[in-house]
Amino acid sequence: MIREIIEKHRRDPRVLVENKISFAAANSELSIYDTFEKASRVELASDQLMFCGMVSGKKVMHANSDDYECEFLPHESFVMAPNSPVQIDFPTASLTQPTTCLAIEIDSQRVQQIISGLNSSASLARYQKEWQYQTELVHTHHNSETQALLNRIVHIFTENHQDRSFMIDLAVTELIVRLLRHQTREFIISHSNTQPDHNGINAVISYIQENIESNLDFAKLCKLACMSRTKFFNEFKQILGCTPKEFLFQQRLKRAAQMLQQGSSITAVCFETGYSNSSHFSRSFKAFYGMSPRQYKQQHSI
C-alpha cells in the first residue's frame with residue numbers, strides 16, 4: 001500500500017540523492033525520500049524525534065563517530081533521537097530501482113505529553129523507573145501491526161480528509177506509544193535476565209525465555225509470580241503490553257528470525273523454536289513479520 005501511495009505522489013526528482021517530498025501536520029511531518037544513484041556518507045539529522053521506515057532498497061547507517069553501522073532494509077524501522085545525525089550509504093540505488101524511505105518527524109513536546117500519560121496510567125514503580133524516551137538509536141523489524149500502522153499514517157498524511165489533523169494525531173500517538181513500549185519492554189526483559197528474583201513478573205519472563213520451546217503451564221507461572229491467576233494476567237499485560245501466550249509466541253518468532261539471519265535452515269528453526277509443523281510456523285512468522293521465513297532469510301543474506 002505504501003508503495004502505491006508513493007508512486008501516486010512521486011514527481012520528477014529535483015536531486016538524485018535523498019529527493020524529498022513532505023506532508024506537514026500540527027505536531028509532525030511525513031517526508032518521503034528517494035535516492036536514484038549510489039552514494040555514501042550522506043548526512044541526515046533532525047531537531048525532532050525521527051521515525052524512519054524503509055520501503056525499498058538498502059541503506060547502510062553510520063552513527064556515533066563510526067562506532068555504529070547497520071544495514072537498513074524494507075520492513076524495518078530506524079529511530080533517531082533529536083540532534084543525533086547519522087550518515088547513510090546507498091549501495092544499491094539506481095534510476096530504475098530507487099532506494100525509498102519514509103521519515104516521520106514528531107514534535108518533542110508531543111512525545112513528552114504521551115510519556116506523562118503513560119506514567120499516570122501504566123506505572124513502572126515496581127522497577128523504580130518512569131516511562132521515558134531512551135535516546136539511543138532504535139533499529140528493529142516491523143511486525144505486521146507496525147507495518148499496518150505505517151500504511152495508515154502515510155494514507156492519512158497524503159489524503160485530503162476533513163478530519164486529517166485529528167486522525168494524524170491519533171496515528172502518531174499510537175506510533176509513539178509503540179516505540180516507548182518497545183524500549184520499555186527491552187529494558188524489562190534485560191532486567192529479568194539479570195535479576196529474575198527482583199519480582200514475580202521478572203521470574204515469569206525469565207522462565208518463559210529459558211523454556212521458549214515449551215507450552216505454558218499457567219498454574220506454574222502464577223506460582224512463580226506469587227499471584228492469583230486474575231492478578232497475574234492483569235499485571236503481566238499492564239507491564240509487557242501482551243498476554244503471556246502472546247509474549248511466548250513473540251519471543252519464539254524473534255528467536256526464529258535470529259536463527260534465520262545466522263543461516264539456520266527453516267526446518268531446523270521451526271522445531272527448535274517449539275513449532276510442531278513447518279506450515280504453522282510459516283503462517284505465524286508471516287503474520288508477525290509480514291513476509292515468509294524464506295523471504296526473510298533471503299533478504300538478510302544479501
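Rule-based calculations on the coordinates, nothing more; no lab input. Remember, predicted model here, so these are calculated numbers, not experimental data. For neighbour counting, all protein chains shown are included, and Cβ atoms are generated from backbone atoms with ideal geometry for every residue, glycine included.
Things worth noting here:
- Crossing angle, helix 164-194 versus the chain [Cα axis fit, 0-90 degrees, rounded to tens]: 50
- Tilt relative to the chain, helix 244-261 - C-alpha long axis, 0 to 90 degrees, to 10: 50
- Nearest-ten-degree value, helix 144-158 long axis tilted from longest Cα axis of the chain: 30
- Between SER120 and SER214, the modelled label-to-label distance comes to 4.3 nm, taking each label 7 Å out from Cα in the direction of the beta carbon.
- Set of lysines with alpha-carbon distance to LYS58 below 18 Å, sequence-local pairs under 8 removed: LYS20, LYS38, LYS297
- Each of THR158, LEU253, GLY117 was placed along the dipole of the chain (beta-carbon charges, centred on the mean Cα), and the one lying farthest toward the positive end is LEU253.
- Förster-model FRET efficiency, 35 Å R0, LYS223 and GLU71, C-beta, rounded to 0.05: 0.20
- Förster radius 22 Å - calculated FRET efficiency between VAL60 and SER22 (Cβ-Cβ, nearest 0.05): 0.35
- Between ARG181 and GLN261, the simple label model (points 7 Å from Cα in the Cβ direction) yields a spacing of 2.2 nm.
- Among 47-57, 249-259, the peptide with the highest mean count of other Cβ atoms within 10 Å heads the list, and the full ranking is 47-57, 249-259.
- Estimated FRET transfer efficiency (ALA148, ASP197; beta-carbon r; R0 41 Å; 0.05): 0.60
- As a rough guide to protection, the peptides 280-290, 237-247 ranked by mean Cβ packing within 10 Å, highest first, stand as 280-290, 237-247.
- Extension gain for the segment SER292 to GLU174, taken as residue separation times 0.36 nm less the Cα-Cα distance, is 39.9 nm to one decimal.
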